[in-house]
Amino acid sequence: MAYLLYGLEQGEGFVMITGAVGTGKTLLIQKLLEEIAHRNVAMASIASANLGGEDILPAVASAFDLPYESRSKEALLQQLKQHLIELRESHAHALLVVDEAQTLAPAALEMLRILSNLEVKGRALLQVFLIGQSELRNLIINNRMEQLRQRVIVSHRMQPLGEGESLAYIMHRLRAVGWNHDPELSSGIFVSVYRASCGIPRRINLIMDRLLLHGYLEELHTLDVSALTTVLNEIREEMSDMPLTLEDPAFADHPGHENRNMPAEKASQSEKVESDVSNILLRLMRETIRIRKVMSLRKSEASFADDRMTGDDSLLSSGKTKDGLE
C-alpha cells in the first residue's frame with residue numbers, strides 16, 4: 001500500500017503490481033480505492049482480455065464514459081486528451097487501472113505508454129496502474145519495451161504469505177466469523193495448510209473452506225491432519241496443480257514463480273535492479289514522511305506564536321499589559 005500511495009503521489013507514469021494468481025492483487029487495489037475515496041481522483045478501470053493495439057483506445061474511452069463507436073484512432077486520442085485536460089482543469093487526478101495486464105498485446109502496452117506521455121505545461125494528464133500476473137514483467141522485458149520500463153516509477157511483487165503470516169491469516173478469518181474452538185484444530189493443521197497452499201491466500205481460503213465443510217458433514221468436533229489429507233485428496237482430483245505432498249513449499253519451482261521463463265543471468269540482473277530501486281524508494285518515502293512531520297510541527301509552532309501575538313496585541317490595544325496593569 002505504501003508503494004501504491006507513493007506512486008499515486010507522483011501523479012504520472014506507470015505503477016506496476018504483479019504476483020501469482022491468488023496473492024491478493026485485486027484486493028490490494030480495492031483497498032487503495034477505499035484509501036483515496038476522499039481525494040479528487042477520476043478513476044477508470046479495464047479488465048484486459050487479450051486486448052490488441054487497436055482495442056485499447058476504445059476500451060479506455062469506454063472506461064472514462066466517453067463515446068468510442070465509429071471513431072478513428074486519431075479522433076479517440078484527441079477526445080481522450082481533451083477529457084483529461086478538463087479533468088486537470090478541475091484539479092482531478094486521472095487514474096487508469098488495468099487489471100490482468102499480462103494479457104495485453106505489446107502494441108496495447110505501447111499505446112498505454114503514449115497515453116501516459118500526454119501532458120500540459122509539463123504535467124502528465126494520466127497515470128496508469130498495471131496489475132497482472134508474473135508474466136507481465138517478462139512480457140515487457142522480452143519485447144524490449146525500454147521506453148515503457150523507464151516510465152515505471154513504482155514496481156512491486158505480491159509475495160505468498162510466510163508460515164507465520166499464514167497462521168495469523170487463518171486465525172483472523174476464524175475469529176472474524178465467531179469461531180469458538182469448535183471444531184478444534186490440531187496444531188499440525190496450520191503448517192500443513194501452509195505447505196499445501198504454498199502460502200497463497202486464495203488457496204488457503206479454498207482449503208480451509210473445504211476442511212470446515214468436511215468437518216460439518218462428518219459431524220467432527222476436532223479437525224486434524226488426517227481430515228486435511230482427505231480434503232486435499234479430493235481437491236487434487238479437481239485441481240491438478242495442487243502440491244502432491246505436505247512438504248515445505250518449493251517456491252522456486254512453483255507454477256506462479258516470477259522468473260521461470262527468464263534466463264538465470266537476466267533474472268539475477270532484474271532482481272538486483274528492482275532491489276536497488278525498492279531501497280531508494282523506501283528511503284525517499286521515509287524522508288518524505290520525516291519532512292512532512294517537521295513541516296507540520298513548524299506550522300503548529302508558528303500558529304501558536306501567532307495566537308500569542310494576537311492575544312498580546314488585543315491586551316495592549318485595550319490599554320492593559322500582559323500582567324493586567326493599567
* Structure fact -> FRET efficiency (residue 78, residue 213; Cβ distance; R0 56 Å; to 0.05) is 0.50
* Asked: Roughly how many Å² is the accessible area per residue of the stretch 35-85, as a whole number, for a 1.4 Å probe?
  -> 57 Å²
* Structure fact -> Quick shape check on the stretch 28-142: root eigenvalues a ≥ b ≥ c of the Cα gyration tensor, a/c under 1.5 is rounded, otherwise prolate if a/b tops b/c, else oblate, and it reads oblate
* Asked: How many angstrom lie between the C-alpha centres of the stretch 185-213 and the stretch 19-79?
  -> 34 Å
* To do: Extending each Cα 7 Å along its Cβ direction at residue 41 and residue 21, get the distance between those two points in nm, one decimal.
  => 2.8 nm
* To do: Kindly write out, for the stretch 188-193 in residue order, the coupling ³J(HN,Hα) from the Karplus curve 6.51 cos²θ - 1.76 cosθ + 1.60 (θ = phi - 60°), rounded to whole Hz, with x marking Gly and Pro.
  => x, 4, 5, 5, 5, 5
* Structure fact -> On the formula 1/(1 + (r/R0)^6), with r taken between the Cβ atoms of residue 191 and residue 10 and R0 of 30 Å, the FRET efficiency rounded to 0.05 is 0.15
* **Label point distance in nm, residue 54-residue 295, each placed 7 Å from Cα along Cα→Cβ** => 4.9 nm
* Asked: For residue 157 and residue 225, what is the calculated FRET efficiency with R₀ set at 35 Å and r taken between the beta-carbons, to the nearest 0.05?
  -> 0.65
* Select from the stretch 120-181 those trypsin sites (Lys or Arg not before Pro) which occupy a DSSP coil region and have at most 16 other Cβ atoms within 10 Å, ordered by residue number. => 121, 144
* Asked: When the label point is put 7 Å from the Cα of residue 143 along its Cα-to-beta-carbon vector, which residues of the stretch 87-117 have a backbone N closer than 19 Å?
  -> 96-117
* Charges only on Cβ, +1 for Lys and Arg, -1 for Asp and Glu: so what's the dipole of the stretch 1-95 about the Cα centre, in debye to the nearest 20? -> 160 debye
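The values are calculated or read from the model by the stated rules, or taken from the named source; none is laboratory data. Since the structure is predicted, the reported quantities are computational estimates derived from the model, not experimental observations. Glycine gets a Cβ as well: all are built from the backbone with ideal geometry, and neighbour counts include every protein chain shown. Surface accessibility is based on the protein's heavy atoms, side chains included, excluding ligands, DNA and RNA. Shrake-Rupley method; radii C 1.70, N 1.55, O 1.52, S 1.80 Å.
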